Structures are given as C-alpha cells and as structure tokens.
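Taking it in order: structure first as structure tokens, then the write-up.
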Amino acid sequence: MEGIIEQVGILQEQISSLQMLNHFLLTLFMLVPMILISRTVVAGTRYSPILLIVIFGLAMGFILESSGVATPGLGEFPVIEFLSKTTNIALIVTFFVGGQEIRKIFGNKELSNAELLIPSEEEVVLGTTRTQLVFIIRSFFLLLGIEAVSRLILGLNSSPLGDYYAILAYLGLVGAIVLIDNKATYTDKRMYIKKGALEIAIIIGISLITYYLSLAIQDLVALPQIFFAMLIATAIGALFYSYSFGPTIKALLFAGIPVVLAGNFMVGGSRIMEAFAMENANAVLGYGFFGQIFWMFGGIALLMYVAGTANVRNLAPGMAGALSHTGLTGACTAGDLGKKAANRAPMLVNIPFAMHIFVFSILAMSSDRGALLMVPSVILMIVGAILLVIGLKNLKRCNGMNDREEVKGLLQFGFGWQLIAIFGGLIALSFSSMSLEFSAMAKASAISHFGLFAAIQEGMFGSEAAGLVTFTFSMTFLIHPFVFYMFGKAMENDGNMPKLPVYILTLLGLAGMLLSILFL
C-alpha cells in the first residue's frame, strides 16, 4: 500500500512538472504572436505596435477570465503572472543605456560604440525582420530566466512556480544564450555570445544588490527596489560609456518593455470585471483616462507653444522622460519614433528618475500615515514649476541649433513637468474621496509612470493596490490610440506634430480630469 501511495506521489509530481512546461510553452505562444501581429498591423505606417499590444493583451485577459478558463489575476496561468512582474529587468537595461548617453552628452564624448552585430533585413513576418524576431523571443527567455535566478538565490519561493524556479532559470538562460540569428552578420560571434552571458550576470547582480538595499533601508524610508536599480544601472552605464552591446542588452532594449507590457495587459484584462465592482473604480479610471490625455498633450502643448519645438525628436523622448511614460519609452527605444528619439530616450528617462528619491520618500511616509504629506508635496511642485520655466526658456533660446543645449533644456523640462504631474496630481486627488492607495494607483495610471507602477506592484501601498494596479494601469492604456495616432501623424509630417489637435486634447483632458476629481 505504501508503495502504491509513493508511486502516486511521484506520478503527481511528474504531472505537475509537465503542466509547468505546458504553461511555459503556452505563454510563449500567446505573447510572441501577440507582439508579431501588432507589428504586422502597423507595418508600413509610422505607428507604434504598442498601441495594438494594449488592445490584444486586455482582450485576451478579459476573454480568459469571462469564459471561465481563468480567474482574475490569471492564477491558472502562473508563467504569465510571473512575467508581468519583471518590469525592473527591462528598466535596468534602459537605465544602463541612459547612463551611457548621459556620459557622452555631458562629457563631450563623441565616439560611437562599435557594433558586433549587423542585423538581417530579411522579413520573416510582415513588419518584423529575422533579427527582430530573435530579439522578441530572446527577451521572453531573458525575462523569465533572470527573474527565476534572482528569486531562486533570494529564496522567494512563495509563488505557485516556486518549486520550478530552477527549471525556469535553466530554460530561460540557456534559450537566451544559444538563440542567435544565423542570417545576421557578426564581427566577432564568440565575443558577442560572451557579452550576452556577462550582461545576464550583471543584471542578476543588480537585481540582488537592489533587493537587499531596499530591504536594509526599509525601516528608515521604504524606497522601492526600482529606485536603487536606476542609480546603480545608470552609474555603470556612465562608467562604461564606450561598451558595445551584446545580445542581452540589444534584445531587452528592443523588446523587453513590449513583452512585459503584453504580460501586464493580459493580467489587467482578467481583472476588468473585478475592478469595476470596487468602490471608487470610476474615479480611478476617470482620472486615469483623462489624466493620460492632459499630462501627455499638456506637456506637448507647452513644448510647442512656449518653447517653439514641434518635432518628434524632442516631443517623444522629452515626454517619455517627463512622465516616466512606459508606452512612449518602449516606442522610442524600439526605434518606432526615429533614430534620434531612440538615442535620446534612455537618457531623458534616467535623469528625471533621479528625483524619485523625493517621490518615493514622500509617498512612503505618506503611506505610513495614511494621507499625503502636503507641505513637502507643495514645495516640490513649486520646484517643478521653476525647472519647467527654465527648461522651456532654454529650449526656445537654442531653437534646435545646438544638440547638447537642446537635450539640456529637455532634461530641465522633464524634471519640472514630472514633479508637477506627480505632486500636482496627488495634491488635487487629496481633495477627492479616494484613499491614498487609490490615488497612487490613479496617478501611476494617469501618466503611465513605470517607476510608480513598479513600486505599487512591489507592495508599497499594500496587497490590494498591488493586485489591482495592473488592471488600472492597463485600462488607461486604451487612451493610447490618441497618443500614438498623434505621434504617427507627426512622423508622416516630417516629424512635426500638428498643433491644433494637441491644444484641443489638452483642454479635453483637463476638463475630464477635474470632473473626475470633483464628481466621481
């Protein structure tokens, strides 16, 4: 009898292992085609595929939940839920590249990094070349493998996948290292592969160090892991500014954020019905929807009307940095909005992120007391207004004649607008009926702010907010048809944004945002 029981136990373990492998493959075959079909739909246009990833991801998550295949949060698809929490990994790469660009611009380093890869231009799917397809699939493996190794080392095995971290780590890292495009040209293939392995090790190291740093300082101030990741990755990038990218950085820079967003949108879509049943859902979503319009197009309106610049080379990376905006950052780094925007975006995202020590410190202390700390919030909003004015003046004065001065003006503008967007928004929300936790969710959603999103997802405002933020963050991405349509029109117009629609959208966003605060 005991032998039979033992055999049944072994059989159950084997079945569980097979189920995990099924989830792994199912996730791969859901997410990668989702990204590919998004790229296919926008092929031949100047629009970003992230627009379609939003719609397909939310729809897929909603269908899985409403059909009874899964419950809210996609607990039945643990690999998707696991992948949705790898935001920090994709951002570490963005911060590293941003550190390199900061050193080059402000250190007068004119050199361009040597390329080890000449990509294949053969189109295997409409809108996607062979090399790009490899980058997308490799990003999937990298995100899973790096996150699994980090959790395995840290002993964070409370997840349903906890027993399978070793398998996920093996599948992810081996797949990421051996997967290369055999039709691409390599100046030194062996060095290229070695760099990929080194980059994986460094990202894992940063993840471990930042986890322990956030833990060590938790009693003093609850700064989230993403803040320390920004500091360390940026510093490494500035130090090794001449480093040429291996396959890990290339893949995650191109497809890391789209893959993470696809996972988050699926999880968010599965929570649609649950979230609409919660109290204050209308206020959170209302502010999120109209806030997306106002903070994005309001910033663009200032750049156009006051600074006199309407070109995407300034607007796209400038607003990506000014809002720490996930979707626009992903579109820029993927090259969807031009080469100059792609080069500038990591740097313009990094430097405004440095002031997050104030954001997260004040929010952490506010969370402890259950209400926003008003005096420091007002002070930082005033500082933001001063920086905003300085940045707009400098941009108007340089008038595109000096690349370095233009970037400097954009950085000042980004600092200022982000402080105003975060603290001005939170101060306005403090006059509504929303709790601080829901105000933070509404604020993260209203500006697609990946730092605040990652912090809430890590549990900065408790487990309820951590569970629901994926939905509120995802739902407001539905406003991105306006965002990416306008940037697409600009790309079709030699990079110049049409002015009148921007001003109209700004006023519409402001009116809707105020109505959401006052009446919902």
**Complete:** In the structure shown, of Lys104/Lys393; Lys340/Lys443; Lys250/Lys340; Lys183/Lys250; Lys339/Lys443, the pairs separated by more than 26 angstrom at the C-alpha atoms are Lys340/Lys443; Lys339/Lys443
**Message:** Please compute the contact order of region 371-447 in relative form: average sequence separation of alpha-carbon pairs under 8 Å and at least six residues apart, divided by the residue count, as a percent.
**Reply:** 37 percent
**Asked** Averaged per residue, what accessible surface does the chain expose to a 1.4 Å probe, in Å²?
**Response** 39 Å²
**Message:** Starting from 0.36 nm per residue, how many nanometres of slack lie between Ser463 and Ala235 once their C-alpha separation is accounted for?
**Reply:** 78.9 nm
**Request:** For every helix of n ≥ 4 consecutive DSSP H residues, a contribution of -39,500 (n - 2.57) applies; sum these over the chain, divide by its total residues, and give [θ] at 222 nm rounded to the nearest 500 deg cm²/dmol.
**Result:** -24500 deg cm²/dmol
**Relative contact order %, region 420-504, counting alpha carbon pairs below 8 Å whose residues are six or more apart** = 19 percent
**Request:** Kindly report, to the nearest 10 Å², the accessible surface of Glu81 as traced by a 1.4 Å probe over protein heavy atoms only.
**Result:** 50 Å²
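May I ask you to order 82-94, 356-368, 166-178 by the average number of other C-beta atoms within 10 Å around their residues, highest value first? Write down the numbers at each step before the final one.
On the way: 82-94: 25.5, 356-368: 19.4, 166-178: 17.8.
Top of the packing list down: 82-94, 356-368, 166-178.
Could you order the peptides 241-248, 115-122, 314-321, 290-297 from most to least packed, using the average number of other C-beta atoms within 10 Å per residue? Each step should come with its number before you reach the end.
Numbers: 241-248: 19.6, 115-122: 15.2, 314-321: 29.1, 290-297: 26.8.
Averaged packing, sorted descending, gives the order 314-321, 290-297, 241-248, 115-122.
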**Item:** Expected-Rg normalisation [2.2 N^0.38 Å, Cα atoms] applied to region 372-520
**Value:** 1.17
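Taking each full run of DSSP H in the chain as one helix, which ones are at least 27 Å long along their axis (Cα atoms) and have mean Kyte-Doolittle hydropathy of at least 1.0? Before the final figure, lay out the partial values.
Details: long enough: 2-42 (61 Å, 1.06); 87-106 (28 Å, 0.97); 130-154 (36 Å, 1.45); 189-216 (41 Å, 0.98); 247-270 (33 Å, 1.34); 281-305 (35 Å, 1.30); 374-398 (36 Å, 1.72); 499-519 (30 Å, 1.95).
Span-like helices, by this rule, are 2-42, 130-154, 247-270, 281-305, 374-398, 499-519.
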**Request:** Can you grab the distance from the C-alpha centre of region 187-208 to the C-alpha centre of region 238-252, Å, no decimals?
**Result:** 9 Å
**Fill in**
Which residues qualify? For Leu372, with a placed amide H closer than 5 Å and at least 5 residues away or on another chain, they are none
**Asked** Roughly how many percent of the accessible protein surface of the chain is carbon and sulfur, given a 1.4 Å probe and a whole-percent answer?
**Response** 65 percent
**Request:** In whole angstrom, note down how far apart the Cα centers of region 445-517 and region 27-105 are.
**Result:** 16 Å
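Relative contact order of the chain: what whole-number percent is it, with Cα pairs under 8 angstrom and at least 6 residues apart?
Working: 895 pairs, mean separation 110.2, N = 520.
About 21 percent, as a whole number.
The values are calculated or read from the model by the stated rules, or taken from the named source; none is laboratory data. Quick caveat, the model's predicted, so the values are computed rather than measured. Cβ coordinates were reconstructed from backbone atoms using ideal geometry, including for glycine residues, and neighbour counts include every protein chain displayed. The accessibility values were calculated without ligands, DNA or RNA, using every heavy atom of the protein model including side chains. Shrake-Rupley method; radii C 1.70, N 1.55, O 1.52, S 1.80 Å.
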